[in-house]
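A short write-up of the structure that comes next.
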Amino acid sequence: MTDHQQPNAQQDQKEGADGFLRKLGSRLLLRQPDIRMLLIAGFGAMLLLILISGLESVRITEEIRQQETESHTRFLEGERVLSDIRTNLLWASIWIGDFLQSRSESTDDFYRRQLWGIRQELQIARTQQAMLPLTPEQVETWNRLRTKVEEFWGMLEPVLGWTPQEKARQAGRFLREVVIPRRTAILQLTDEFTRLNRLVLENQNAEITKAARQFRIRMLLHVVLSTLVGAVVALWTMRYARRLEVRLQEQYQESMTAKNNLERLSAKVVDAQEEERRAISRELHDQIGQALTAIKVNLGMVEQKIAAVSPELRERIRESKLLAEQTMQEIRDLSRLLRPTMLDDLGLVPALEWYVRSFSRRFGIPVSLQIDRTLRRLPEQWETSIYRSVQEALTNTIRHSEATKVFIHLEQSLENLILTVEDNGQGFELSSPKGGLGLIGMSERARQLGGGLSVESKQQAGTRVRITLPLPPVAAVPEETPSEVSL
Ligand SMILES: Nc1ncnc2c1ncn2[C@@H]1O[C@H](COP(=O)(O)OP(=O)(O)O)[C@@H](O)[C@H]1O
Ligand SMILES: [Mg+2]
């Protein structure tokens, strides 16, 4: 019952895992571009805000600066015109005074010209002033000022025609009652105008200060907004990066677990294969070998008994004995090939020497074997690894290389055991290896012991396979115990 349910449960589990992966895949496929688009939009908005803030600040600063310059220029211009009016008025008073005291016709003319010139200038000043933009209050004051100035000149005109006698009679009164009060009135009006001018400047300054404050608030808003958008984008980015990091970490963990499992599995496969070979080899040697020996002995006994009765049967039994003998030999060879007991009993060096000799004899190809003399016995795994690698490399040479010579070199350095198998065959393209699991198996055995495999090969230039195994710790090396060889 449980046996039947097992596959279904596994199926469910598999579908569950598949479904999860599919969901995860579609989530990642749909969501990652969305998040990316959002992030791009966020960064874009932030940059746009910064750009707008920058342009705005340049524009507004320029505007404020212009306003400031304009209002100052207007104020200074007004002050200049007023100062012109005052100066001219004072000059006019002086010239009038002088004219009234003058008793000569020629100097009178001079004073009249001076006064005429001042009048012209005052008109020019008025024209200039009229060009400036004025507030209604300023316009009103200005009109009063202009009327007063015109009245001043209007009253002066008949006086300029006075005779010396008229002057002597009326000069004091005219100066006292007409010129001084009117001059004072005009000066008061200019002062009034100056006050208004200052007021305009103060108002404009206040407006500029207000604009500057608004600008500061606007900039502050921009900064706050950019910072907020920046913070949101940064948060998103961090979350996105974190999620990717976690996913990556998970994937890494998954692949590491899968890799570890695979490594454990391949190590188990290699061990199991070795164990299996050893068992079959022993079975062949011990059971079938023994049985064949028994058959041979029995046949020998029957042969002796039957010799007198039937020479024909004796011949058959002799043939059978020979067949049993040959089969025993083949079984022994097969058993040795599978797992030479020599490897376990005498160690790597004699086993390799035996294998290489029989290989060379079987395939008729010279194989040179050089083994470091200082090499002592190694733990079983090391010896098996080297032995199997030599077997696989030599088999490859015969199968794929068409070589005419093979060199095997086994040496040890301070830390490593190095096996090199080199042939002078046709080589192969390393970038596109084909075929079975031989090289992979070699590499796997080496990796299990902390070593590695390297292959050098070129088309028509032979192949060199090199295996490097770190030497085992001294404690793991078995004592040298040469024992009986049982082949
Ligand atoms: N000594 C060699 N000379 C030429 N080609 C080789 C040699 N050793 C290996 N190869 C190439 O590498 C491939 C992989 O070898 P291997 O892993 O042992 O698998 P297999 O021997 O089962 O094909 C072979 O199929 C062959 O093309
Ligand atoms: Mg092979």
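Checking the structure you have, find out if any residue of segment 12-35 is modelled with pLDDT of 65 or more, in contact with a Leu (Cβ under 8 Å, 6 or more places away or on another chain), surrounded by 11 or more Cβ atoms within 10 Å (Cβ to Cβ) and within 30 Å of Met238 (Cβ to Cβ). There is no residue in segment 12-35 that is modelled with pLDDT of 65 or more, in contact with a Leu (Cβ under 8 Å, 6 or more places away or on another chain), surrounded by 11 or more Cβ atoms within 10 Å (Cβ to Cβ) and within 30 Å of Met238 (Cβ to Cβ). Taken over segment 434-461, the criterion of being in a loop (DSSP other than H, G, I, E, B) and more than 16 Å from ligand 2 (Cβ to nearest atom) is satisfied by Leu449, Gly450, Gly451, Lys458, Gln459, Gln460, Ala461. Only residues that are within 9 Å of ligand 2 (Cβ to nearest atom) and buried (at least 19 other Cβ atoms within 10 Å of the Cβ) were counted in segment 393-410, giving 2. Looking across segment 115-127 at every residue that is crowded, with 17+ Cβ neighbours inside 10 Å and of a type outside the set (Lys, Arg), the one that is modelled with the highest pLDDT is identified as Leu115.
Only a single item in (1) of a type outside the set (D, E, K, R); (2) farther than 30 Å from Ser104 by Cα; (3) touching a residue at least 40 places away in the same chain (Cβ under 8 Å) is not met by Val159, and it is number (2).
So, of the residues in segment 409-427 that are within 12 Å of ligand 1 (Cβ to nearest atom) and not small (Gly, Ala, Ser), which turns out to be nearest to Lys458 (Cα to Cα)?
Here is the first cut: in segment 409-427, the ones within 12 Å of ligand 1 (Cβ to nearest atom) are 421-427.
Filter once more, keeping what is not small (Gly, Ala, Ser): 421-424, 426.
Numbers: Val421: 15, Glu422: 12, Asp423: 11, Asn424: 11, Gln426: 8 Å.
Only one residue tops the list, namely Gln426.
Residue-level analysis places Ser431 among those that are assigned by TED's automatic domain parsing to the domain that holds Leu378, part of a loop (DSSP other than H, G, I, E, B) and out of contact with any Gly (no Cβ under 6 Å at 6 or more places or on another chain).
Looking only at residues of segment 438-452 that are open to solvent by 40 Å² or more (accessible area, probe 1.4 Å) and touching a residue at least 24 places away in the same chain (Cβ under 8 Å), we find that the one that is nearest to ligand 1 (Cβ to nearest atom) is Leu439.
Hey, does segment 428-437 have a residue that's open to solvent by less than 30 Å² (accessible area, probe 1.4 Å) and near ligand 1 (Cβ under 8 Å from one of its atoms)? Checked segment 428-437: no residue is open to solvent by less than 30 Å² (accessible area, probe 1.4 Å) and near ligand 1 (Cβ under 8 Å from one of its atoms).
Whenever a residue of segment 239-260 is within 27 Å of Leu38 (Cα to Cα), its partners that are in a helix (DSSP H, G or I), lying with C-beta atoms within less than 6 angstrom and at least six residues away or across chains, give the pairs Tyr240/Ile35. Exactly one residue among Glu105, Glu150, Glu137 is open to solvent by 50 Å² or more (accessible area, probe 1.4 Å) and in contact (Cβ under 8 Å) with a residue 40 or more places away in the chain, and that residue is Glu137.
Quick check on this structure: which one of Thr420, Thr384 is surrounded by fewer than 20 Cβ atoms within 10 Å (Cβ to Cβ), among the β-branched types (Val, Ile, Thr) and more than 16 Å from ligand 2 (Cβ to nearest atom)?
It is Thr420.
Among the residues of segment 278-293, is any open to solvent by 80 Å² or more (accessible area, probe 1.4 Å), within 20 Å of Gln448 (Cβ to Cβ) and not assigned by TED's automatic domain parsing to the domain that holds Gly452? No, segment 278-293 contains no residue that is open to solvent by 80 Å² or more (accessible area, probe 1.4 Å), within 20 Å of Gln448 (Cβ to Cβ) and not assigned by TED's automatic domain parsing to the domain that holds Gly452.
The values are calculated or read from the model by the stated rules, or taken from the named source; none is laboratory data. This is a predicted model, so every value here is computed, not measured. Cβ sites come from the backbone with ideal geometry, for glycine too, and all protein chains shown count toward neighbours. To get the accessible areas, we keep the full protein, side chains included, count just its heavy atoms, and leave off ligands, DNA and RNA. Shrake-Rupley method; radii C 1.70, N 1.55, O 1.52, S 1.80 Å.
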